[in-house]
Every structure is written in C-alpha cells, then in structure tokens.
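As structure tokens, the structure follows; a few thoughts come after it.
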Amino acid sequence: MNIVVCVLTAVAAYLLGSIPTGFLVGKAKGIDVRKVGSGNIGATNAFRILGKGPGIFVLVADGLKGWFAVAHVPGLVHRFYDAGVWDAQTLQWLKIIASISVFLGHTYTCWLKFKGGKGIATSAGILAALVPIAMIVSLSTWIIVCVLTRYVSLASIAASLILPFAVWAVPDYGWNLVLLTAIMATLAIYKHKGNITRLMNGTESRLGRKKVPPPTGATL
C-alpha cells in the first residue's frame, strides 16, 4: 500500500474531522459553548445551550464529517493522486485509516488546542459508511437507553460498549474492524469520564431539561 496515499488520506480525514462545528455555530450566535453547560462542543451541549435548530445542525454536520471521510476521502485521494489500481483490501484499510483520523480530528481538534467533542455523532457517520449493520444495532441501543433513562451520556456509553460486539457478530466485517470499533468505543467512553462521574453522583443532566442560559462573559 502506497505510504503517500495513506498519509494523504489520514491528513485529509483529520482536517475534515477537526472542523469544530458546535464551536463555530455557537460563535455565530455569540456564545462560547466551551464555557457553558457541559463545556463540550458536541451536539448534546449544542442542543442544551443553543436550541433545537442549531443542535440538529451540529448533530447532522458532525455525522456527515465521519460519513464523508470514510465514504469519499480515499476515493478523492485516488483521483487527485494516481496510485494505480486499488483492490478491495487496500480500499478497506484506507477506509480504516480515514475512520481513525476523522474520529481523532473531531475529538482532538487542532483548532481548539486539541480539545474537541466526544465523537458520538461522528462515530455514527463513520459506522454508517463502514459497518452499517453494526451501526443500526448501536443506534438502537442508544435510542432504547435514552428513552428509558433520558440520559444522553448513558445512552452514548451503552451504544459504544455494544458496538465492537455487534461488529464481531457479523462475520463479513473481519477482526480488523472489530479492533477498530473497540478502539473507537474505548476513546468515546474515555471522553465521557466527566459524565460517568456525574452519573455516579446523581448530578448528570437529563434530556428535556430547560436550556441553560449562558453566564456572564460567555459571549465572544
């Protein structure tokens, strides 16, 4: 596999993932989402702080980042950098490289001192392009847990935990994808460490609570 193609795929996917959608939408409304609510730039905090419309936009945009990186970045690299004919195995490995890179770009964006979102929406986009059957299982888990508990964070943790097992249950996906999704799940759960603490202390916010008004000094 051509090393230049691997590097170009990784860099392009990382830069795509690093676009801090929630931060930019908040900034357009005069709010620094890092200073209010949970302090996270992801869709959940955007819903809570910015409202339903901006929250949906952030959710969809973050998901599309993951989907586009996996579904199209390797192909675009191939188009603009002639690396010969790719077989199915090469394409799958490049999609895995794109998956890891766009996920890291979102969770550790270079534009915000390597502090980003928790990667749930971006992971959903990645999975939709890479392992759609497992994504449906993981998404179903998220919906069930969220409806039953109204904790978005708990639903995200549960969906992350079930993901690699869902991939393992589909023989066509292979062990490389099981390993990839296990790494993604571990990173996603790690990014929820603050939520885990609040869940254990009984202070985690539930879905449906009123929007928290930005404190003085949150306006950019």
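The values are calculated or read from the model by the stated rules, or taken from the named source; none is laboratory data. Here the structure is a predicted model, which is why all the values come from computation and not from measurement. Here the Cβ positions follow ideal geometry from the backbone for every residue, glycine too, while neighbour counts run over all protein chains shown.
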Looking only at region 30-52, how many residues end up being farther than 13 Å from residue 106 by Cα and buried (at least 16 other Cβ atoms within 10 Å of the Cβ)?
14
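In the set 212, 145, which member is at pLDDT 95 or above, over 22 Å from residue 101 (Cβ atoms) and either crowded, with 18+ Cβ neighbours inside 10 Å or among the β-branched types (Val, Ile, Thr) (or both)?
Being at pLDDT 95 or above, over 22 Å from residue 101 (Cβ atoms) and either crowded, with 18+ Cβ neighbours inside 10 Å or among the β-branched types (Val, Ile, Thr) (or both) holds for just one of 212, 145, which is 145.
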Could you check, for region 184-197, whether at least one of its residues is part of a helix (DSSP H, G or I) and farther than 18 Å from residue 120 by Cα?
yes
Within region 58-88, the count of residues that are in a helix (DSSP H, G or I) and modelled with pLDDT under 90 comes to 4
Sole miss for residue 118 among (1) without any contact (Cβ under 8 Å) to a residue 60 or more places away in the chain; (2) basic (Lys, Arg); (3) touching a helix residue (DSSP H, G or I) at 6+ places or on another chain (Cβ under 8 Å) is condition (1)
So residue 117 clears everything in (1) in contact with a His (Cβ under 6 Å, 6 or more places away or on another chain); (2) surrounded by fewer than 17 Cβ atoms within 10 Å (Cβ to Cβ) except one condition, right? Which one?
(2)
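Residues checked against (1) within 14 Å of residue 122 (Cβ to Cβ); (2) within 17 Å of the chain's Cα centre (by Cα); (3) free of Cβ contacts under 8 Å to residues at least 24 places away in the same chain:
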site: 30; (1), (2), (3): no, no, no
site: 38; (1), (2), (3): no, yes, no
site: 41; (1), (2), (3): yes, yes, no
site: 51; (1), (2), (3): no, no, no
site: 66; (1), (2), (3): yes, yes, no
site: 69; (1), (2), (3): yes, yes, no
Could you say which residue among 91, 104 is touching a residue at least 24 places away in the same chain (Cβ under 8 Å) and in a helix (DSSP H, G or I)?
104
